[in-house]
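A quick write-up on the structure given underneath.
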Amino acid sequence: MRLVSAFALCLLSGCYAAHDLEGAPTAPPRDGAVSRDAGAPGVRDAGVVDPRPRDSGVVVDPGDAGPGAPLCGSEVPRPDRSACSDRTRECLARCEDSDCDIRCLERDPACFGCVLQSLVRCVNARGCQGNWDGLTCCAEGASPACQAGARRGDPRACVEECGHALMPFEACFVAKQRECGGEVNDDCGV
């Protein structure tokens, strides 16, 4: 449970470079229509997006989580249980506070990713999916790094481009994350 609490602190306060959002670009004004397009800043939303494909590119199975799969509204996949090394598990077992937990995880990026992915998946199942959708819809029109982060359940890659959508998710994450300790243990073995 301490590990889960440490992650909320890390996500909110500094496992990524925090940035002041004052003066940051904002989303274009909305006309109330549901949209999945990125739109250019300052341009009104074009309305409901035609669900038919617009190009002759590869049609991607909606269940596919590959680079061509839609991000907006997607669920975070279950992480790879083998991501956490025995060394990281031993380090975590010796920890007595959340700062130590974070130091152990930062030395093992694959395990850190597993824990974060498991937490995001868990909080989404407990009511944060709508907030996650806001972040993934923003990520869909963002850089490849932000898109890759969103696909693996790591919102830190989207701080610069989607900070406005990250804040509501973080608030929900903090409210729900304490319910996820058992799931993180099952998913990542920590």
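The values are calculated or read from the model by the stated rules, or taken from the named source; none is laboratory data. The structure presented is a predicted model; accordingly, all values stated were derived computationally and were not measured. Note that we place each Cβ from the backbone using ideal geometry, even for glycine, and neighbour counts take in every protein chain shown.
Of the candidates 153, 149, the single residue that is in a loop (DSSP other than H, G, I, E, B), within 10 Å of the chain's Cα centre (by Cα) and within 29 Å of residue 89 (Cα to Cα) is 153.
Spot the failing condition for residue 118; the list is (1) under 18 Å from residue 185 (Cα atoms); (2) polar (S, T, N, Q); (3) touching a Phe, Trp or Tyr at 6+ places or on another chain (Cβ under 6 Å), and only one is missed. Of (1) under 18 Å from residue 185 (Cα atoms); (2) polar (S, T, N, Q); (3) touching a Phe, Trp or Tyr at 6+ places or on another chain (Cβ under 6 Å), only one is false for residue 118: (3). Among the residues examined, residue 146 does not qualify as in contact (Cβ under 8 Å) with a residue 60 or more places away in the chain, crowded, with 23+ Cβ neighbours inside 10 Å and over 12 Å from residue 75 (Cα atoms). Considering the stretch 153-173, the residues that are among the charged types (D, E, K, R) and in contact (Cβ under 8 Å) with a residue 40 or more places away in the chain include one that is farthest from residue 111 (Cα to Cα), namely 160.
Among residues of the stretch 86-102 that are under 12 Å from residue 112 (Cβ atoms), those with a Cβ under 7 angstrom from a residue that is modelled with pLDDT under 95 and small (Gly, Ala, Ser), sequence gap 6+ or separate chain, pair up as 101/6; 102/6. Here residue 164 clears all of (1) closer than 18 Å to residue 71 by Cα; (2) crowded, with 18+ Cβ neighbours inside 10 Å; (3) not small (Gly, Ala, Ser) except the condition numbered (2). At least 1 residues being over 20 Å from the mean Cα position of the chain (by Cα) is the threshold, and among the helices (runs of 4 or more DSSP H) wholly inside the stretch 83-137 those reaching it are 86-94, 98-106.
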